[in-house]
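Before any comments, here is the structure.
The values are calculated or read from the model by the stated rules, or taken from the named source; none is laboratory data. Remember, it's a predicted structure, so these values are computed and weren't measured experimentally. Ideal geometry is used to build each Cβ from the backbone, glycine not excepted, and the neighbour counts take in all protein chains shown.
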Amino acid sequence: MKASFFYGPQDIQVEEVDKPVINENELLIKVHIGSICGTDLRIFKFGHFKIDQKRVLGHELAGEVVEVGENINGFSLGDRISVAPNVGCGHCRMCQKGYNQLCSEYEAFGISYDGGFQEYMRIPQTAIERGNVFKVPANLSYVEAALVEPFSCTYNSYKALNTKPGDTVVIIGAGPIGACHVLINKLAGATKIIVADVAASRLTEMKKIGADVTVLSSEEDLNTRVLEETDGAGADVVITACSVPAVQQQALEIAAVHGRVNFFGGMPKGKEFVTLNTNLLHYKELIVLGTTGSSIENYRESLDIVASKKVDLLQLATHSFSLEQINDAFAFAQSGEGMKTYLNIAGE
């Protein structure tokens, strides 16, 4: 089989290797779709502290069960599955509270386990036992199933922010994650969704999926436009769907009194210390929070939402590459063109 191995920054190589061998407590899947995430791009560029050997990246994936360990119950040959990628230890305080993505000893597909950018992938016992493996509903394609993972991260954000009808939501960053924020906040009933970005092409995509207002912030002052769109009040919800320190500063400025702000995009190393005007927090009584990843519960609920067809993730999957073209795929994803770049590994 073919697998793409990450050896270090800017170094991914496709190789011919033996199929993984599973034990009696594991599953083997044939990977159909592996989608490229912003995390994959950061690992490709900078590496990851948990990766100290060659590793197959990819945690947004969907595939078909082709081997079942003899001790496995609940899964059968031919099952279509996707995974919640962060596998908690199962016994720490965060895991016991249901926040497996915040486990300090977590393992993850595409980081500490080989991920989906290969033709066949082993699913270890811990991921099965801790509920990270999900059967894909019959009405969903493999592409949609793979995209449940990034959507679930924005669903986690939505639950923390509690968007409701009447809210004006500003999303800064018009990439695939920004698009998922548009979809979930629209479903939540936000009255007006404003999306800002420096790339005009991506703002065009945001209008297609339901943004009410787009702001090309490289040419127009976002603060002024938000005040115009809210009769001077500011935004009820602000989401920073990008990794730019100045955007976190600006988020406090455009938030309304009693506004809720989510620092969704994490900062790269060396830029994580951001100077904030804490008087804006104090005098506007803002709620400022962060969310990262998604829990197994978030993933399950997101899968149900996507299966309900109340959101259309397929419209985000704009560019497909083969596994052999993975370096081209990473280059394209880094270019900022289109929306979601994915690998059609099964050649469908």
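Taking Lys19 as meeting all but one of (1) in a helix (DSSP H, G or I); (2) surrounded by 13 or more Cβ atoms within 10 Å (Cβ to Cβ); (3) of a type in the set (D, E, K, R), write down the number of the exception.
Condition (1) is where Lys19 drops out.
Does the range 322-336 include one or more residues that are touching a Ser or Thr at 6+ places or on another chain (Cβ under 6 Å), closer than 30 Å to Val136 by Cβ and surrounded by fewer than 19 Cβ atoms within 10 Å (Cβ to Cβ)?
Yes, that holds for at least one residue.
What pairs can you find where one residue is in the range 281-294 and more than 11 Å from Val257 (Cβ to Cβ), the other is aromatic (Phe, Trp, Tyr) and modelled with pLDDT of 95 or more, and their Cβ atoms are less than 6 Å apart, with a gap of 6+ or different chains?
Every condition considered, the pairs that remain are Gly290/Phe263.
Quickly run through the range 292-311 and pick out the residues that are of a type in the set (Ser, Thr, Tyr), surrounded by fewer than 17 Cβ atoms within 10 Å (Cβ to Cβ) and over 17 Å from Lys135 (Cβ atoms).
Hit for the range 292-311 is Thr292, nothing else.
Quick one: in the range 179-188, which of the residues that are of a type outside the set (S, T, N, Q) and assigned to a helix (DSSP H, G or I) is farthest from Thr240 (Cα to Cα)?
Residue satisfying both the conditions and the ranking: Leu187.
Counting only residues that are small (Gly, Ala, Ser) and within 26 Å of Pro245 (Cβ to Cβ), which one in the range 153-178 is surrounded by the fewest Cβ atoms within 10 Å (Cβ to Cβ)?
Ala160
So is Thr163 β-branched (Val, Ile, Thr) and in a helix (DSSP H, G or I) or not?
no
Do we find a residue being aliphatic (A, V, I, L, M) and closer than 26 Å to Gly338 by Cα anywhere in the range 17-32?
Yes, that holds for at least one residue.
Here is a yes/no grid of residues against (1) assigned to a helix (DSSP H, G or I); (2) assigned by TED's automatic domain parsing to the domain that holds Ile254; (3) more than 27 Å from Glu144 (Cβ to Cβ):
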site: Ile177; (1), (2), (3): yes, yes, no
site: Ala190; (1), (2), (3): no, yes, no
site: Val195; (1), (2), (3): no, yes, no
site: Glu205; (1), (2), (3): yes, yes, no
site: Lys208; (1), (2), (3): yes, yes, no
site: Ala211; (1), (2), (3): no, yes, no
site: Thr214; (1), (2), (3): no, yes, no
site: Thr224; (1), (2), (3): yes, yes, yes
site: Asp231; (1), (2), (3): no, yes, yes
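Hey, any hits in the range 166-174 for a residue that's in contact with a Pro (Cβ under 9 Å, 6 or more places away or on another chain) and at pLDDT 95 or above?
There is no residue in the range 166-174 that is in contact with a Pro (Cβ under 9 Å, 6 or more places away or on another chain) and at pLDDT 95 or above.
Which numbered condition in (1) farther than 15 Å from Ile326 by Cβ; (2) in a loop (DSSP other than H, G, I, E, B) is the only one that Val66 fails?
Only one criterion in (1) farther than 15 Å from Ile326 by Cβ; (2) in a loop (DSSP other than H, G, I, E, B) is unmet by Val66, namely (2).
Working carefully through the options Phe49, Phe75, Phe44, find the one that is in a helix (DSSP H, G or I) and either of a type outside the set (A, V, I, L, M, F, W, C) or on the phi < 0 side of the Ramachandran plot (or both). Break it down into steps so the answer makes sense when it comes.
On the way: Phe49 fails: in a helix (DSSP H, G or I); Phe75 fails: in a helix (DSSP H, G or I).
From the options Phe49, Phe75, Phe44, the qualifying one is Phe44.
For Lys30, work out the one condition from (1) out of contact with any Gly (no Cβ under 6 Å at 6 or more places or on another chain); (2) modelled with pLDDT of 95 or more; (3) over 16 Å from Ala84 (Cα atoms); (4) not hydrophobic (A, V, I, L, M, F, W, C) it doesn't fulfil.
(1)
What tally of residues in the range 209-232 results from selecting those that are out of contact with any helix residue (DSSP H, G or I) (no Cβ under 7 Å at 6 or more places or on another chain) and in contact (Cβ under 8 Å) with a residue 60 or more places away in the chain?
Let us first name the residues in the range 209-232 that are out of contact with any helix residue (DSSP H, G or I) (no Cβ under 7 Å at 6 or more places or on another chain), namely 212, 217-221, 224-225, 227-232.
Checking the rest, the ones that are also in contact (Cβ under 8 Å) with a residue 60 or more places away in the chain come to 229-230.
The total comes to 2.
Among the listed residues Cys103, Cys95, Cys89, which satisfies the condition of being within 20 Å of the chain's Cα centre (by Cα), assigned by TED's automatic domain parsing to the domain that holds Gly58 and surrounded by fewer than 24 Cβ atoms within 10 Å (Cβ to Cβ)?
Cys103
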